[in-house]
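Below is one structure, written out as structure tokens; comments come after it.
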Amino acid sequence: MPNYRIHKTEYIDETKRVSFKYDGKTYFGYEGDTLASALLANGIHLVGRSFKYHRPRGIVSCGAEEPNAICQIGSKKDLTEPNVRATELELYEGLEASSQNCWPNVKFDIGGINNFISPLIPAGFYYKTFMWPKSFWKKVYEPLIRLSAGLGKSPTEPDPDIYDHKYVHYDVLVIGGGVSGIIAAKMAAKNNFKTLLVDDKKILGGSTIYQNNESIKIDDKLSSEWLKNEIQEIKKLSNLSIKTRTSIAAYHGYNFLLAKENLTDHLPEEKKENKIRQRLWKIRAKKVVIATGSIERPLVFNNNDRPGILLSNSINKYLDYYGVTCGENIILFTNNDSAYETSISLHKKGIKNIIVDLRKSASSELIKQAESLGIKIYFNHVVTNTFGYRKINSLEIMKLSEDGNTTVGNKIKLSCDCLGMSGGWTPMVHMHTQSGGKLDFRDEDQVFLPKENSEDQISVGSCNGDFDLENIIDKTVNKINKFLDIDNQDYQDTNIICSKENDKRNIWLLPNKIPLGKTKCFIDFQNDSTAKDIKLALKEGFRSIEHVKRYTTTGMATDQGKLSNMHALGIIADTAGVKMGTLGTTTFRPPFTPLTFGTLVGRNVGKFFEVVRKTSMHEWHVKNNAEFENVGQWKRPWYYPKNGENMHDAVQRESKAARDSAGILDASTLGKIDIQGSDASEFLNRVYTNAWSKLAIGKCRYGLMLNEDGMVYDDGVTTRISENHYLMTTTTGGAANVLSKLEDYLQTEWPELDVYLTSVTDHYSTASICGPNSKKILNKLFPNLDLSDENFPHMSFKEDKLENINCRIMRISFTGEQSYEINIESKYGHSLWKMCIEAGKEFNLTPYGTETMHLLRAEKGFIIVGQDTDGTMTPSDLQMDWIVSKKKFDFIGKRSLYRSDTVREDRKQLVGLLTDDPKEILEEGAQIVSNVKSKPIDMLGHVTSSYFSPNLNKSIALAVVRSGKTMKGQKLIIPMENKNINVTVSDTIFLDKENKRLNA
Amino acid sequence: MFLINCPFCGERDQSEFSSGGEAHIVRPKQPTELSDDEWAEYLFMRKNIKGIQFERWNHVHGCRKWFNVVRDTSNDKILSVYKMGEKPPVNYK
Ligand SMILES: [Zn+2]
């Protein structure tokens, strides 16, 4: 097996050998490696196939910008993760990874055929081809694309890992632990700012930490040695927290940032167990320093995508940090000085290399150093083609013309096993723009830079366009002093020698003798879009960068175009003949690198996914086999099946029992609002449609609440407890909104009213007993209470004690039966319920759930807000004009009740429906028509509630129908999939119109 | 995610608040006197501007108090907060 690990470094622990599997084969690396560095040490460059053409692709970079080395980690159904960048994944014993974008394997695959038919796959290919015929999409195109694209596999079972969230507050947050970040953090922490420094890598230091060029020095030390010393210093600062392996995922307004900390991803399986895998930090910082650095740009030339072609600086990092060389015969292709650092490093380790430089000449100290070492440099030359299928083996270069637009002279063929590209540097302005910052374009080196720094956010270092060390340190120190309003002198006398210069020759699309249509000049490696695609999009009329991006899919892969966006923009600008700065950029959206859902969700999984509210009686319902229904956050008993009953049978039994003898309902979930104050009556007058001033103490009244637009909003019974004290009930689902609405009016429209609102929903448990025998059961529970109709009539309220515990008893009814609601302090709810059940035994007291409640009230034609109404129903639409006071001067929604639209006669109105076949039960939501022959069919309305009534022995339904009020007795049709159901419009009250049962 | 300075509780995370739309729209004292158009103006018409906007916010998961906010919608900066019933700061007219 080849070994490309050619020297020892302090970051690789050669005493700790690590075995791992890649594509099923076992390899070895060392502790300190990333998966990418370990693969390269084993001579493996080929790591995947490209998305569209399935061309062989290799590792390109050493960081978050990696477009090709995307892996699937693990193979378990519950523990596998796609889209992991091999360049960021720390190696651990037992790691299993596989290349992702290739089927059946990386060395031979069917999709490779696309490479040969590529003239048929231009920009917009998917839009143009897979549009027609429509029926082909689901059955042919989509499976085909999915199979051959294969962008990783999702786990198919729940994630067993533990994730965590944490909120923190800091004075200063520094993003990025390179040289500028470290200086900023030190200055802040030493001046009493509570500071947090985060870096996505395992160790601090950025790219300076492995810098070992003699011509770049700080205080007479190698810059890396100087920085190590600084890192030791800042670790001693008590005011500074340092989080490594932590990357900022999103930068939101008001300096609210999300950071992901990797806690166990670098550990072997057995050490991961029962530990938190990742933590999402929710950071509020008074001030944020962005020091995220920059990434190297590739160059765009023919066949620039072969395995073995990397970014020049990445070759340097693999060499000096990991001790791994990417080849033995390397060519560096550059337009600026930075490739020379790589060249000199390689030379020192004995790796043969030559340089192809686009510039006509250059003369910095660094270049002189390379020249003096005898490194061959081709100035004013361009790479025009590369060769080698699974890995680069040679390339061709040509001389550039004076203006750089064409090539001249003869081709020179050079052999190599690795090519480094350096197109200059792109400042990582993602954080700045995510925070809402704008960008400026600097023409001289073609970079976008943060335009302005606000008082609470600043960019320093190379993410701010300062590329040489002297500039970085000086400017960072000055800016931080100003930003934090401090006068730190730590770096006053720092002496920096940097022999690099900034000049470069920028050509976005490098010239070639071969026509563009016959070249493969890749811009976006992950999405496989080329310079040709961009030009085609422009030719077809696309101008906006956002449109070109979507049409060609450039920059839309999981790397979000970190390497490609600038080149796409540059080529668009050149082709369209406009200045690049005027084009703007595409938007950088969070997350900066992909996040797992687990991290975002944190602990809120399983039973913690959503808040669940249970009544005090819940245990009893569970024990008695209740099926539950979610009503808002509440779990409400839906029905109580007995002896294998289905829902229908259970509901029929419960409904019959409630009318024949007695039923009991857990009504604790109904919203309860305590209203007190000297203006409480006036307040109720204003919020309900009916009048309240004359309601006697100890009496209850039903009220309908509207929105200001006149539409029914909520309903419920309110009881006058004393002169200035009411208890309002609301619907279960509407409780919180009603309280908010009432508070709104009270605080903002009517602050002069002396009224106080308190939510007491959770304070009381409520058992509602109804039916002809309810009075007898109440008598057993409250033997001292006079339950006669004279003393305790319908719609009134009494207080009594149950074994010394105060109870509020309301005689109110939602079923049409004689009915009592017993309210008790919540903690006694379970006991109350059990006592009721015990007392009711001899009367077949039957617990019933929400379904039976709905059925019973429908028999009586009582509406359920939210079921029979939908925010477009006025009281008049519901045939409830009786509840709207004509005398009251004003109430919420009153004026809207005679807007031209609300007085229309042909509004949808609530009616009853009876099926011609009494056994036929309508479907809720079914459409109602009068004529099935007309086309299009005129829709008159829909069914809102529908049940089979065991008490009437027939099907009943409520519906909203256009002009329904005038249609009583009329025949209508409910067209269903395979039949038409004939119905007759009826009254909404089906049972006991005279309300005899209330006092039976 | 805003940091909102509740006039009663101090700075709190936006997730504790709910927005209540445009501020200083006063419910007419005599709705019955209004024409359909006038009532519709109160009921439906709201500004949605780029720039300085006056808004109502409710500290719904805190003190439950409503208050007013002056916000520049172009950059989301909250320029001022003040209690219900108080006049908007004149410098933001
Ligand atoms: Zn508050």
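Would you check if A:THR587 is surrounded by fewer than 20 Cβ atoms within 10 Å (Cβ to Cβ), in a loop (DSSP other than H, G, I, E, B) and in contact with a strand residue (DSSP E or B) (Cβ under 8 Å, 6 or more places away or on another chain)?
no
Could you please let me know if A:GLY893 is on the phi > 0 side of the Ramachandran plot, surrounded by fewer than 20 Cβ atoms within 10 Å (Cβ to Cβ) and touching a residue at least 12 places away in the same chain (Cβ under 8 Å)?
no
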Residue check, A:ASP709 open to solvent by 20 Å² or more (accessible area, probe 1.4 Å), touching a residue at least 24 places away in the same chain (Cβ under 8 Å) and in a helix (DSSP H, G or I): no
Cβ pairs under 7 Å, 6+ apart, first in the stretch B:28-51 and closer than 18 Å to A:LEU897 by Cα and modelled with pLDDT under 95, second of a type outside the set (Val, Ile, Thr) and surrounded by 11 or more Cβ atoms within 10 Å (Cβ to Cβ): B:PRO31/A:ASP890; B:PRO31/A:LYS894; B:PRO31/A:ARG895; B:PRO31/B:TRP39; B:THR32/A:ARG895
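Please enumerate the residues belonging to the stretch A:50-64 that are more than 30 Å from A:ASP199 (Cβ to Cβ) and under 29 Å from the mean Cα position of the chain (by Cα). Quick ask: steps written out before the conclusion?
At the first step, the residues of the stretch A:50-64 found to be more than 30 Å from A:ASP199 (Cβ to Cβ) are A:50-56.
Result: A:SER50, A:PHE51, A:LYS52.
For the stretch A:172-287, list the helices (runs of 4 or more DSSP H) that sit wholly inside it and hold at least 1 residues that are crowded, with 20+ Cβ neighbours inside 10 Å and over 32 Å from the mean Cα position of the chain (by Cα); which are they? Walk me through it before giving the result.
On the way: elements: A:179-190, A:223-235, A:269-272.
Hits in the stretch A:172-287: A:179-190, A:223-235.
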Failed item in (1) over 30 Å from A:SER896 (Cα atoms); (2) touching a Lys or Arg at 6+ places or on another chain (Cβ under 7 Å); (3) of a type in the set (A, V, I, L, M), with A:LEU695 passing the rest: (1)
Among (1) buried (at least 22 other Cβ atoms within 10 Å of the Cβ); (2) modelled with pLDDT under 95 - the single one A:GLU803 does not satisfy: (1)
Which listed residue is out of contact with any helix residue (DSSP H, G or I) (no Cβ under 6 Å at 6 or more places or on another chain) and within 14 Å of chain B (Cβ to nearest Cβ), from A:LYS888, A:LYS841: A:LYS888
Residue selected from the stretch A:866-881 under the condition closer than 24 Å to A:LEU952 by Cβ and open to solvent by 30 Å² or more (accessible area, probe 1.4 Å), by the criterion nearest to the other protein chains (Cβ to nearest Cβ): A:GLN879
In the stretch A:962-980, residue surrounded by the most Cβ atoms within 10 Å (Cβ to Cβ) [restricted to those that are within 49 Å of the chain's Cα centre (by Cα) and farther than 13 Å from A:SER930 by Cβ]: A:LYS965
In the stretch B:16-28, residue nearest to the chain's Cα centre (by Cα) [restricted to those that are within 13 Å of the ligand (Cβ to nearest atom) and more than 10 Å from every other protein chain (Cβ to nearest Cβ)]: B:PHE17
Enumeration of residues in the stretch A:618-656 that are of a type in the set (A, V, I, L, M, F, W, C) and touching a helix residue (DSSP H, G or I) at 6+ places or on another chain (Cβ under 9 Å): A:TRP620, A:ALA626, A:PHE628, A:VAL631, A:TRP638, A:MET647, A:ALA650, A:VAL651
Number of positions in the stretch B:73-93 that are open to solvent by 50 Å² or more (accessible area, probe 1.4 Å), in a strand (DSSP E or B) and either basic (Lys, Arg) or at the interface with another protein chain (Cβ under 9 Å from one of its Cβ atoms) (or both): 2
Some residue of the stretch A:405-425 being under 28 Å from A:ASP574 (Cα atoms), within 14 Å of chain B (Cβ to nearest Cβ) and either of a type outside the set (A, V, I, L, M, F, W, C) or crowded, with 19+ Cβ neighbours inside 10 Å (or both): no
Selection from the stretch B:29-58 of residues that are touching a helix residue (DSSP H, G or I) at 6+ places or on another chain (Cβ under 6 Å) and within 12 Å of chain A (Cβ to nearest Cβ): B:PRO31, B:TRP39
Residue within the stretch A:439-450 that is open to solvent by 70 Å² or more (accessible area, probe 1.4 Å) and more than 38 Å from the chain's Cα centre (by Cα) present: yes
Test: residue in the stretch A:924-938 that is open to solvent by 80 Å² or more (accessible area, probe 1.4 Å), touching a residue at least 12 places away in the same chain (Cβ under 8 Å) and either under 18 Å from A:LEU856 (Cβ atoms) or touching a Leu at 6+ places or on another chain (Cβ under 7 Å) (or both): yes
Restricting the stretch B:35-86 to residues that are away from the ligand (no atom under 15 Å from the Cβ) and among the aromatic types (Phe, Trp, Tyr), the residue that is farthest from B:SER19 (Cα to Cα): B:TRP39
Criterion (closer than 30 Å to A:LEU753 by Cα and within 39 Å of the chain's Cα centre (by Cα)) met by exactly one of A:LEU706, A:LEU684: A:LEU706
Qualifying residues in the stretch A:682-702 (those that are of a type in the set (Gly, Ala, Ser) and touching a residue at least 40 places away in the same chain (Cβ under 8 Å)) - the one farthest from A:TRP620 (Cα to Cα): A:ALA691
Strands (runs of 3 or more DSSP E) lying entirely in the stretch A:739-835 (those with 3 or more residues that are over 20 Å from A:PRO847 (Cβ atoms)): A:756-759, A:796-802, A:805-811
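The values are calculated or read from the model by the stated rules, or taken from the named source; none is laboratory data. Here the structure is a predicted model, which is why all the values come from computation and not from measurement. Neighbour counts are summed over all protein chains in view; Cβ atoms, including those assigned to glycine, are modelled from backbone coordinates with ideal geometry. Heads up: the accessible areas ignore ligands, DNA and RNA and are worked out on the full protein's heavy atoms, side chains in. Shrake-Rupley method; radii C 1.70, N 1.55, O 1.52, S 1.80 Å.
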